[in-house]
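Below is one structure, written out as structure tokens; comments come after it.
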Amino acid sequence: MNPSEPKSLAEWRSYVAKLSEDALFEQAKAVNSLGFIQTLQDEEYSADEIHEIFLAFARALGKTGLRPPADGVYDYFKLIEEATHSA
Amino acid sequence: MPHLTDLQNRVLSTAAALTHQANFAGMDKLSYVEGEKLVQDVAAEAKVPVAQVRELLLAASTAATDAAANHLKLLNAEAENLGGSVQRPQVTDAGMSPLGLQLAQGSQELTPRPDFALQSELNAAFHKTAEDFESTRVVVTRRATPKVVAEVAEASGKLLKLFHELDGSRNDLQVKQEIIRVYQDLLADAARDRGVYLAKSTAEHPLSSYQSDATKSRLPGKAHEKGADTVGVGSAVSIDPSTGKPFVFDYHGEVLEIATLGEFVSRRHEQFELDQAADKLAQEPKAIDALRSLSPEGLKRLHGEVEHVTLFEDDKQEIARVYATRWHREAAGVLERRVVVEGPFAGVYLDDLVQELATRRGHGMALDSNMQPKSVTQRHGEPFVTTCQVQERGEKREKLAVRIPEDRSWTRVRRALRRLSELEPAVKYREGSKNTTFVFGPENYKLVRDIVGDLILNGPATSKLQSYFTELTKVEVASSDASLKDHTAHAVGGFKDKLVSKSGEAKPFELSYWQQKSLAWLSARDYKGVIALDTGMGKTLVAIGVMQELAKRTGEAKPFLYVCPPGLEGNIAVEARRFMEPNEAEALLARLTVIDYKHFAKACRTGSYEDKPFAGKEFGGVFFDEAQWIRKRTTVGGEAALKFDNSHKVVLTKSVMKDNVEDVLTLASIANNVDLNGASGKELRYTMRKFRDLYCTVVAGRTVGVKEALELTPGQFVDPKHNMHAFIKANFLWADKRTDDVRLKGFEPRLETMPMPPKMEEDYRAKTVKITKLLQGMVSLYRDKGVKETFVDEKGRTRTVLNPLAKDRRIANVMGQKLAKTIHELNDFCNTPDKIDRARDLVVKHLEASLTSRTVLFSDSPEFVVATAQRLSSAQRGEHALPPGKLHAACLAKEIRLYQDGKLVDTYKPKAYVAADGHTVPAGEWQKYVIDEIIGKNPDVLTTTMLGPVYQEGQNLQWANVGVHLDRDTWSRQNTEQREGRLWRKGQERRVTFYNVDWVFKNPSDSYDRTLDQVRGMQEKVSGDVFKEIIVVPQASLLGGEWQGVRKQKDLMLDTGVLEYAMSPDIAQAAQQGGF
């Protein structure tokens, strides 16, 4: 397992949890692009799995208490709310 | 001379002194005007009121007048002894009344004497005459004989000249005497006759105000006396010489004319000239023979009543020199013309006589830049237009007739007109006239004038044309931009001043330019007409505005009726509450009955709705929204709308014409309250049929093109569409959203062609083998208008060779029921997953450009709608994958589904819903609620696939910026534009791109080898072109532009915005993408 290249959902969660605040924001914005999502699809992640990955980012963003990055494929505000309720 | 008081002495001496100062020998030397000035000056000098000075001066001369009156009394006594009287004055050998004669003889004794009193006596009589003259009105009744009219006019003319001769010199005395004499004769002549009367009209009792009463009442048949200033109603007056007071006579018959003496003379001027010319011509038998068209035997065979008409107004019974005429219809002709039946001109057609006389007189009529008739010198042998009567479709109609000279220089014009008459049935050739005479209506004036050049028109022709164009431009003028201030939101009343936007900002509210223009236009047309504003331009607010104006400006108290497609009944309430003050909105909605088209037709049939009577007269105004639903006059809805009798019918539609020019006529007839299916619609149906036959290429009742200009003679073309443009512009107010206040960001249609894979093409060709030729024929018809080849023949005429493929009769069946099954199967065959994948590619492409991009797709197949939504939501791979977790909606007639990641996650059905703000949405509005609130407001709904026929009207989809037409099951551009208009409308803040996805052959065998998708594309383009030609272009045309005076009005200038649209077809762009 390469911590910088997570594969399973558990690895993704662990990867996100270890990101610094700046890195978290930067990567949360980057992954929320069409191209990255298509890459995940090419890697045969299912829709549910992709959803879980984004929830991981949302959970981490929620913990910072700061405003999440906007203008991506997915709405981090909604994801944070979902993550909060499912916790 | 009676003893004068001190005051009288003072006034008289002041008057004499002032007169001397002004270097006049005496007061008798003063003209009427100067005399008045003297009165004013004396009043100022002597410090005496003007009225008193006048009275004193007159009193001084009255003494002299009394002497004259006594003298006249003696004269009348003598006249009575001779058997005459005031009522029936005796006419002397000199042709004057005894009164006039004696005055004339007496005046010789009264020629200049230094005696002030005698001269004053004349002046007093003159002043009275002058006063009488100014207030005299000539009253002409139908009993007047031409002779007395002429005599009165002649005498009046003399009087006018005499007044002008007064110059303050010594000669004035004679002139004044002559004035008195002529005036007295005038009164006597009029009194003698029973058709022309002279009556007094004063400021307090103007005679014109009695004219209407004059036609109703008859005074008792005896003379009676009236006050000095008021003579009464339409009465004759004469002066009793014994008392000097006016006498009143009664009159008989209808009052034809009341005019001042000056007007009376000027009106007869032209007639006198013509009459004089006629007198001269009557002395030239050879000239008359040349004009004569009917022999004495031919005249004997005429039947019908003799009607007396004049030369000038050849169709009215004017009172002047008249000619006895009868109507004559030429053999095998439809033209009837008046022919003179008596006198030296017997056998001559009246219009021939008029033209001959006008030529001899050297005068015709033309129009100056202000549309006013002006006299012009007509050269011998110039085209001349007059009026005539024509028997047409069982009715006598007044038309214009043009006469072209016979000489060689006019040969080309004659031939061109003859050719025109062969092509345009509304221009009729008079058989046997050697191409010289043609009859036409005012609507074809421009056509004729374009061929002939400048025309000379006589009075009646000028009047007819002026009336026609005045009527035509009346509404244009009344709804010009200058009048828009009366139709702002504030002027209309009831609207909010400000609207609060989504961000909470309050912005001032105003109706847009086109909304105001619509209200002005409808107001000028008494609130009826077709408003064809583009989608999203606010037609519903126009309807609300009209209701407000009807209620507030005309006091309309009856309820209003609003008819709309099913499912859209809630729209108007939403708009009213959004834009109006709450109390105004509720008040309006309380008196509004909203009904869908299906229930409307039923209510019309049964005569009741919701237990209340249902008929046109129950409503103050009727509004038909999305009126393309009733554009066919033979459908139940169309029939009902045409029959629904109400004088304020407003038709609102974006789609004025789907595929048939007659749609235009149906919508206009609904608005104009003409039952097109009934007798009153007969004329209109005929007009439209003629228009369609002449100007359009029609296949199976569908208009496929508008013909180009007509070639009359080699190289000479004329555009015949002018009068149809006038009809369209007069009945429709059309505007495209490109010209709206709020400039939308832009609309881009694009064509996505998909070459068929080999197996698919093989199967496709197998399915279409029976209709291959048909499709090729449609390609020829729609793309090439059926023309195979164009060339110029040996005579210089442009000729075309038609493609036999385009004449395939089965083309007519393609859009009908016969081939519906085949076409449907082909559609299903073409709606494949590949097409959905291509659509998906387009969605992704736009997402890459903007992650907030949202797409709406339209299909005419419910199965394909579901398949599309499901497939778009399913997991994909590769660079064209859509992000998972997003929602994809499928909107069907009875269900709206939401798919996510290939699974159905939610379904909405027709029922009442509770909105977020707690209010209940009625079940009838479920579609709008789900689309606006559930789908529209959720940006996670990435794509929405809709069943076209259900959702192409009434929905606001401005939240989407990309559209896709998945299939073309509709044969009309109008439907396509409706769907596009859901996204591209006011409120759309982004540029909209709309795609058509067409299957094409990878390697077509020739230029006619095309798929059904492509053929449909061509048909839509034609439909768009025809729409543009018939609806758009006229909006830019200048109604009545052939009249220079009309050009001056800037409000009728060309609308460059409309022209831009007309000249930059969006469809051409689509054609360029894939090519046809």
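Return the long-range amide H neighbours of B:Leu457 (sequence gap of 5 or more, or a different chain), with a cut-off of under 5 Å between placed amide H atoms.
B:Met365, B:Ala366, B:Val385
Mind checking the mean number of beta-carbon atoms from other chains within 10 Å of the Cβ atoms in B:847-854? Intermediate results must be reported in sequence, preceding the final value.
Values: counts 3, 4, 0, 1, 7, 2, 0, 0.
Mean number of neighbouring Cβ atoms from other chains: 2.
How many Cβ atoms of partner chains, on average, are near each residue of A:65-74 if near means within 10 Å of its Cβ?
Working: counts 0, 0, 0, 0, 0, 0, 3, 2, 10, 6.
Going residue by residue through A:65-74 and averaging, the value is 2.
How big is the Cα convex hull of the range B:920-1015 in projection, averaged over all directions, in nm²? Walk me through the intermediate numbers first.
Numbers: hull surface 32.2 nm².
The number I arrive at for the range B:920-1015 is 8.0 nm².
Using amide H atoms built in the peptide plane, which far-off residues or other-chain residues are under 5 Å from B:Thr945 H to H?
Distant-sequence amide H within range of B:Thr945: B:Leu857, B:Ala889, B:Ala890, B:Cys891.
So what is the relative contact order for the range A:9-86, in percent, with contacts set as C-alpha pairs under 8 Å and at least six apart? It would help to have the intermediate numbers written out before the result.
Details: 57 pairs, mean separation 28.8, N = 78.
In percent, rounded to a whole number, it is 37.
Could you give the length gained on full extension between B:His599 and B:Glu297, defined as 0.36 nm per residue of separation minus the Cα-Cα distance, in nm?
Numbers: separation 302, 0.36 × 302 = 108.72 nm, distance 6.79 nm.
Length gained between B:His599 and B:Glu297: 101.9 nm.
In whole percent, how big is the carbon plus sulfur part of the accessible area of the range B:968-1026, probe 1.4 Å, protein atoms only? Numbers along the way, then the final one.
Details: 690 of 1640 Å².
Carbon and sulfur together cover 42 percent of it.
Can you give me the distance in nm between label points at B:Ser503 and B:Val769, each placed 7 Å from the Cα along the Cα-to-Cβ direction?
If labels sit at B:Ser503 and B:Val769, their model points lie 6.5 nm apart.
At each listed q (0.14, 0.16 Å⁻¹), what is the log10 of I(q)/I(0) that the Debye formula gives for the range B:483-676 modelled as equal alpha-carbon point scatterers?
Computed log10 I(q)/I(0) values: -0.76, -0.99.
May I ask which of B:Lys821/B:Lys886; B:Lys399/B:Lys795; B:Lys474/B:Lys690; A:Lys63/B:Lys886; B:Lys528/B:Lys911 have a Cα-Cα span longer than 30 Å here? Don't skip to the answer; put the middle values down first.
Values: B:Lys821/B:Lys886 37 Å; B:Lys399/B:Lys795 34 Å; B:Lys474/B:Lys690 26 Å; A:Lys63/B:Lys886 25 Å; B:Lys528/B:Lys911 37 Å.
Violating the 30 Å Cα-Cα cut-off are B:Lys821/B:Lys886; B:Lys399/B:Lys795; B:Lys528/B:Lys911.
For the range B:541-646, please report how many Lys pairs fall under 16 Å Cα to Cα, leaving out neighbours fewer than 8 apart on the same chain.
Count of close lysine pairs: 8.
Whose amide H sits under 5 Å from the amide H of B:Lys886, counting only residues 5 or more places off or on another chain, with H placed in the peptide plane?
The list, which skips near neighbours in sequence, is B:Asp901.
Given the pairs B:Lys682/B:Lys807; B:Lys507/B:Lys539; B:Lys496/B:Lys517; B:Lys682/B:Lys788, which are separated by over 29 angstrom at their Cα positions? If you can, show how the numbers build up before the last one.
Values: B:Lys682/B:Lys807 31 Å; B:Lys507/B:Lys539 21 Å; B:Lys496/B:Lys517 19 Å; B:Lys682/B:Lys788 38 Å.
In this structure, B:Lys682/B:Lys807; B:Lys682/B:Lys788 exceed 29 Å between Cα atoms.
Note down the nm distance, to one decimal, between modelled labels 7 Å out along Cα→Cβ at A:Ser86 and at A:Glu21.
2.6
Determine the shielding of peptide A:35-48 by partner chains: average, over its residues, the number of Cβ atoms on other chains within 10 angstrom of each Cβ. Can you show the working numbers first?
Values: counts 2, 1, 5, 10, 2, 3, 9, 5, 1, 2, 2, 3, 11, 3.
What the average comes to for A:35-48 is 4.
What total accessible surface area, summed over both chains, is buried at the interface between chains B and A, computed with a 1.4 Å probe and given in Å² to the nearest 100? Each step should come with its number before you reach the end.
On the way: alone 48440 and 5620 Å², together 52740 Å².
That pair of chains buries around 1300 Å² in total.
Among the helices of chain A (complete DSSP H runs), which have Cα atoms covering no less than 20 Å along the helix axis and a Kyte-Doolittle mean of at least -1.0? Could the numbers behind the result be given before it?
Details: long enough: A:47-64 (26 Å, 0.34).
Span-like helices, by this rule, are A:47-64.
The values are calculated or read from the model by the stated rules, or taken from the named source; none is laboratory data. None of these values were measured; they are calculated from a predicted model. All Cβ positions, even for glycine, are placed from backbone atoms using ideal geometry, and neighbour counts span all protein chains on display. Note: areas computed on protein heavy atoms with side chains; ligands, DNA, RNA excluded. Shrake-Rupley method; radii C 1.70, N 1.55, O 1.52, S 1.80 Å.
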